[in-house]
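To start, the structure itself, in structure tokens.
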Amino acid sequence: MFCALSNSVGTFLFIGTTNYYLMVLGRAFSGLSQAIICTYIPVWINEFAQRSRQTMWMGLSQAMGILGGVTGAVIGSMAADNKELGIASWFTWRTTLLFPASYFLKASLTWSCCPNSILDTQAREKEEQAQGTS
């Protein structure tokens, strides 16, 4: 949750300013949080995913980071260069970063409102087993 919120704040800072130092600070902030996310996702998959589906989850997590970056860059450049669509005036490189920043903000707010029993299925199963044996 902290990393998703940090990534969102850093990205909003990066795309919302024209000050060079604030842009560097925002990019550094979002980059550091992305490094933590990329490091933690394989650990989370190893800990919580079903053994039979770990390879699939690992492949999806690795592919989504790459495909998201490439797809965003391609769509952003095509839309910004295509004046016939009438969106070139408001669609810039900043707009393409707005989508993932908004998603990470939504995800972090959602996770902060969820009880731990919904997010941590293993803890819920242990608690149910403990109540069943009592």
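Throughout, read-outs are computed from the coordinates displayed, never taken from laboratory work. In this text, all values refer to a predicted model and were calculated from it rather than measured experimentally. Glycine also receives a Cβ, built like all others from the backbone with ideal geometry; neighbour counts cover every protein chain displayed.
Among residues other than TRP57 with Cβ under 15 Å from its Cβ, the summed charge is +1 (Lys and Arg +1, Asp and Glu -1). 3J(HN,Hα) couplings calculated from phi for the stretch 22-29 with the Karplus curve 6.51 cos²θ - 1.76 cosθ + 1.60 (θ = phi - 60°) are, in sequence order, 5, 5, 5, 4, x, 5, 5, 4 Hz; Gly and Pro show x.
Rounded to the nearest 20 debye, the dipole size of the stretch 2-114 about its Cα centre is 140 debye, using +1 on the Cβ of Lys and Arg and -1 on the Cβ of Asp and Glu.
Couplings 3J(HN,Hα) for the stretch 61-72, derived from phi with the Karplus relation 6.51 cos²θ - 1.76 cosθ + 1.60 (θ = phi - 60°), are 5, 6, 5, 5, x, 6, 5, x, x, 5, 4, x Hz, where x marks Gly and Pro.
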